[in-house]
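Just so you know, all these numbers are worked out from the coordinates, no wet-lab data involved. Quick caveat: nothing in here was measured; it's all calculated off a predicted structure. Cβ atoms come from the backbone with ideal geometry, glycine included; neighbour counts cover every protein chain shown.
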Amino acid sequence: MYHILIYHTASDYLERRAAFRDDHLTYARAAYERGELLLAGAFADPPDMALLVFKDTDPAVIEEFARGDVYVRNGVVTSWEVRPWTVVIG
């Protein structure tokens, strides 16, 4: 079972993320190393969202991840949602 965490970023995301980027990446890498986070990345044009793919992870764990992320806590991410994702190929 896959879940998608969708981040909606602030309009000044590119400018504001630098102050928090190292902590954000360390946090995401830890979830990856625990086997929770499978893929993650931001959209480039426009840079208004990011997408994080979790596999076999309880949605409550994903929600806790989002609430603990330095981007969310500091308003770089303005809103987020967790959605189940049905993979049909791959």
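Going by how many other Cβ atoms sit within 10 Å of their own, how do Y32, Y7 line up, fewest first?
Y32, Y7
Can you give the Rg to Rh ratio for the range 2-85, taking only C-alpha atoms and Rh from Kirkwood?
0.94
Let me have the 222 nm mean residue ellipticity of the chain computed from DSSP H runs of 4+ only, each contributing -39500 (n - 2.57), with the sum over all residues rounded to the nearest 500.
Value at 222 nm, helices only, nearest 500: -9000 deg cm²/dmol.
Using only the alpha-carbon atoms, how far is helix 59-68 inclined from the longest principal axis of the chain? Give it as 0 to 90 degrees, nearest 10.
Taking Cα atoms only, the helix is inclined about 20 degrees.
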